[in-house]
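Working notes for the structure below.
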Amino acid sequence: PLVLGIETSCDETGVGIVRGTELLANTVSSSVEEHVRFGGVIPEIAARAHLEAFVPTLRQALDTAGVTLDDVDAIAVTSGPGLAGALMVGLSAAKGLALAADKPLYGVNHLVAHVGVGLLDDAADAAAAGVSGGGQPAAVTELPPGTGALLVSGGHTEILRVRSLTRDVELLGSTIDDAAGEAYDKVARLLGLGYPGGPKIDRLAAEGDPEAFRFPRGLTLPKFVGTAEQPGKHRHDWSFSGLKTAVARAVEQFEVAGRPVPTADIAASFQEAVVDVLTAKAVRAAGEHGITTLLLGGGVAANRRLRELLAQRCADAGIELRIPPVSLCTDNGAMVAALGAQLVAAGVAPSSLDIPADSSQPVDRISV
Ligand code: ATP
Ligand code: MG
Ligand code: FE
């Protein structure tokens, strides 16, 4: 099916168009520059930016794909999780288009869409050519059994088991406080590097010693959760707020002593702590839950040290790692379209035209 996907959950206005697993267009307009002076995403600014960027982004995606609204079989849109006001802009636009062009509407889960992007042919090609190495580029039409996903972005840090992209996605663990990208952004601020902090720390860390400081790895042991529904199950949660505090203390000590802050060493040591605990727990969760193919998604997937250590630890554990190109890892409309196409193909019923924005939509609500 030919599906148009709309993403407005955070600060990227994305419109993507796919035909099945073939990517036809992926147009993204980001308001990140407008948030720089605030050091983080301001929800109302993001929502207003979506309002202004939406139609130009849609036009460009349709032009690139060489299709019209009449041609599409369905419209998919992120219904949550995300910033409520930002989600509402995309949802309103999608509903208007669905009504005017008389197309079925699919409200989809943003996190599951991050996983669905792994089905696109471009994502498979990049994985085969990338750090996971070796394999032949091959078109992927369904996720292999035993697929998991590690999603790391400014708003999320989650490990998922995906038995079926359209029917069965389970949360195995998530952050209990800051998201990994958020920790990067906060530490970058402490080091005076500016927003967004991830790319800046990534670059600076390359010049520093990752063993200069031994920063804490939060929640290193799997937490025991003995609920009635899940007796004796381990969840693989992360915590990054203690790490952020430890970095703040270290910076403070240099400042109090009147000595220059060794920003490169701190950046490298902070990054090593984040990446160590992210990869260790993802691989352990994978082992416990029979995950043999792991997909990496979210903006932090751009991080070079994360890619390197995750590739190494996955290889050691016999897990196949797939890392889509960065343009498909960060928020975009193509991932929403990709999931929409799977839902259409699976015969899932479309959404009604009165669906709400669900800022905390749980990962097992794949479509609404
Ligand atoms: P959501 O959480 O809803 O997916 P988001 O806008 O917070 O949305 P993304 O746009 O996917 O997330 O990613 C942005 C985050 O990724 C920021 O926190 C940024 O600092 C981080 N990031 C980007 N590049 C890198 C990098 N090279 N290393 C580490 N973090 C990075
Ligand atoms: Mg973003
Ligand atoms: Fe996202």
Filter the helices (runs of 4 or more DSSP H) completely within the range 84-190 down to those with at least 2 residues that are modelled with pLDDT of 95 or more and either surrounded by 24 or more Cβ atoms within 10 Å (Cβ to Cβ) or at positive phi (or both). 84-101, 110-116, 180-190
Taking the range 309-356 on its own, how many of its residues are surrounded by fewer than 18 Cβ atoms within 10 Å (Cβ to Cβ) and within 12 Å of ligand 1 (Cβ to nearest atom)? 2
Could you identify the single residue in 78, 57 that is more than 15 Å from ligand 3 (Cβ to nearest atom), under 19 Å from residue 27 (Cα atoms) and either part of a loop (DSSP other than H, G, I, E, B) or hydroxyl-bearing (Ser, Thr, Tyr) (or both)? 57
The residue from 282, 267 that alone is of a type in the set (A, V, I, L, M), assigned to a helix (DSSP H, G or I), closer than 24 Å to residue 236 by Cβ and away from ligand 3 (no atom under 16 Å from the Cβ) is 282
Output for Cβ contacts, cut-off 6 Å, separation at least six or different chains, first residue without any contact (Cβ under 8 Å) to a residue 12 or more places away in the chain in the range 32-45, second within 16 Å of ligand 3 (Cβ to nearest atom), reads 42/35
Residues (in contact with a Ser or Thr (Cβ under 6 Å, 6 or more places away or on another chain), within 14 Å of ligand 3 (Cβ to nearest atom) and assigned to a strand (DSSP E or B)) located in the range 1-44: 7, 12, 13
For the range 196-207, how many residues meet the condition of being within 10 Å of ligand 1 (Cβ to nearest atom) and either surrounded by fewer than 19 Cβ atoms within 10 Å (Cβ to Cβ) or part of a helix (DSSP H, G or I) (or both)? 8
Does residue 291 satisfy the criteria of being in contact with a strand residue (DSSP E or B) (Cβ under 9 Å, 6 or more places away or on another chain) and in contact (Cβ under 8 Å) with a residue 40 or more places away in the chain? yes
Any idea how many residues of the range 285-305 are more than 16 Å from ligand 2 (Cβ to nearest atom), part of a helix (DSSP H, G or I) and surrounded by fewer than 24 Cβ atoms within 10 Å (Cβ to Cβ)? 5
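The values are calculated or read from the model by the stated rules, or taken from the named source; none is laboratory data. Everything numeric here is computed off the predicted structure, so don't read it as measured data. For neighbour counting, all protein chains shown are included, and Cβ atoms are generated from backbone atoms with ideal geometry for every residue, glycine included.
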